[in-house]
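The values are calculated or read from the model by the stated rules, or taken from the named source; none is laboratory data. Keep in mind it's a predicted model, so treat the numbers as computed, not measured. Because the Cβ atoms are built from the backbone with ideal geometry, glycine has one as well, and the counts that use them run over all protein chains shown.
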């Protein structure tokens, strides 16, 4: 633990708050009153607070954005305080914002609560954040999504210095958020924008005892974000369903600058995603990036990587492979889109606005055959690689680590660093890696990487990336990497699918 109690070194994320590039965004001027024994006001606009001026005595609550390292929009709306950076957040960017909270007229208790994240929030999952209240780093490190889940049930903040109740006229209580998008964050989230928002609840101290306050004053108590994963749903045009986002895996052979453009329902030619994507990497076409349609993708989505053979759509429609997103046709996890007969994109996840994630087959129904009639030796749809076992064929001991990609961004370790002797085996196990495609639950991700972190043969391949998204079938006996002298470094000797069927040999696919 460091001197500031953050658990970080001086160069860690919490230390960024000391580097002020800009300051003084200006006060929100959000003031109001909460009055009477046990009464309160959610922070809203000035008018809403005045309507709460009833009963004996009052509490005035003032909140302002006192400083930030980036320009942004600080606002109070419908009981929520929020800050949204003006500029998109790129990999390597960092920033901070400080909110000053103070009371007037009467001593008051104060509770702070976050709002729950979306079911899928790739940028929120990738952003590394810290939260400080007063002198206490209440959330030293984690993702923005984790922070929002952590304090959805409320946190009392008036007693952080050991003394309950904020006093009128005392220094304002500072609530500071520091964020950074790591350099190794997924390319799909780079250039996106998100915001930080929270709610406040205040209560007079002189009318409610500490025992009573501890027993039942927190209005957010019991709120939890970690609810069971919702059942997958099918887009129903009759219910006016719309797709809010679709995540695709790029199946091309070369890095490409991909544009996902929308058309229809008021979103003519707007951009839902654009950026450089490597083969096997995923990207998200997010309706939140499309203006004029309430966070939904339009009637059609066009995926353009600028390659030869790319479809050119007439009548002013954007170029690219057309994905019909109006719900007149079902979209499902595992669905592929071709260029000149070769698969170029595959849906790996998606959401229907206000309902949940899309399913892994066109009907959204489970017919009891998780392989979707593709046979026990193939994967796709709701069946993925659960684990893969490799034999190490190098000539010297090597310390090996294996990671796999998680849908939405990030990598998870599926085989911890272990020294393996020549001829020894190791297993990349995705049992504990949650994935968002179809009804899979947990599995290995789009790509799985085997890395020699120490030892091994001179000239041997240090890093081997294996495509584990099911766009290519893996079989027993497949060879990967070089031992430095022309021989195979790893051989696939076993594995299981998520439906518990075993991996097959190449002869079984004839």
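Brief remarks follow.
- Failed item in (1) modelled with pLDDT of 85 or more; (2) crowded, with 22+ Cβ neighbours inside 10 Å; (3) within 16 Å of residue 236 (Cβ to Cβ), with residue 352 passing the rest: (1)
- In region 185-214, of all residues being in a helix (DSSP H, G or I) and out of contact with any helix residue (DSSP H, G or I) (no Cβ under 8 Å at 6 or more places or on another chain), the one that is surrounded by the fewest Cβ atoms within 10 Å (Cβ to Cβ) corresponds to 211.
- Residue among 430, 481, 456 that is within 30 Å of residue 356 (Cα to Cα), crowded, with 22+ Cβ neighbours inside 10 Å, at pLDDT 85 or above and assigned by TED's automatic domain parsing to the domain that holds residue 405: 430
- Residues satisfying the stated conditions in region 187-213, i.e. farther than 19 Å from residue 131 by Cβ and either in contact with a strand residue (DSSP E or B) (Cβ under 7 Å, 6 or more places away or on another chain) or not assigned by TED's automatic domain parsing to the domain that holds residue 141 (or both): 187, 188, 190, 191, 192, 193, 202, 203, 204, 205, 213
- Among the residues listed as 235, 225, the single one being assigned to a loop (DSSP other than H, G, I, E, B) and either at pLDDT 85 or above or over 17 Å from the mean Cα position of the chain (by Cα) (or both): 235
- Residue check for residue 327: surrounded by fewer than 23 Cβ atoms within 10 Å (Cβ to Cβ), in contact with a helix residue (DSSP H, G or I) (Cβ under 7 Å, 6 or more places away or on another chain), modelled with pLDDT of 60 or more and closer than 28 Å to residue 411 by Cα: no
- Among the candidates 313, 300, the residue that is at pLDDT below 80, surrounded by 16 or more Cβ atoms within 10 Å (Cβ to Cβ) and out of contact with any helix residue (DSSP H, G or I) (no Cβ under 6 Å at 6 or more places or on another chain) is uniquely 313.
- Scope region 35-87; condition assigned to a loop (DSSP other than H, G, I, E, B), surrounded by fewer than 14 Cβ atoms within 10 Å (Cβ to Cβ) and either within 34 Å of the chain's Cα centre (by Cα) or at pLDDT 80 or above (or both); matching residues: 71, 78, 86, 87
- Residue check for residue 445: within 29 Å of residue 122 (Cα to Cα), in contact with a strand residue (DSSP E or B) (Cβ under 7 Å, 6 or more places away or on another chain) and surrounded by 20 or more Cβ atoms within 10 Å (Cβ to Cβ): yes
- Test result for residue 262, in a strand (DSSP E or B) and at pLDDT below 85: yes
- So residue 97, is it part of a strand (DSSP E or B), modelled with pLDDT of 85 or more and within 25 Å of residue 221 (Cβ to Cβ): no
- Scanning region 334-350 for residues that are over 16 Å from residue 469 (Cβ atoms) and either in contact with a helix residue (DSSP H, G or I) (Cβ under 9 Å, 6 or more places away or on another chain) or assigned to a loop (DSSP other than H, G, I, E, B) (or both) yields 340, 341.
Here's the yes/no breakdown for (1) part of a loop (DSSP other than H, G, I, E, B); (2) more than 26 Å from residue 182 (Cβ to Cβ); (3) touching a residue at least 60 places away in the same chain (Cβ under 8 Å); (4) not assigned by TED's automatic domain parsing to the domain that holds residue 334:
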| residue | (1), (2), (3), (4) |
| --- | --- |
| 445 | yes, no, no, yes |
| 451 | no, no, no, yes |
| 465 | no, no, yes, yes |
| 470 | yes, yes, yes, yes |
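- Those residues of region 138-164 which are free of Cβ contacts under 8 Å to residues at least 60 places away in the same chain and either over 18 Å from residue 221 (Cα atoms) or assigned to a strand (DSSP E or B) (or both), in sequence order: 138, 139, 142, 143, 144, 145, 155, 160, 161, 162, 163, 164
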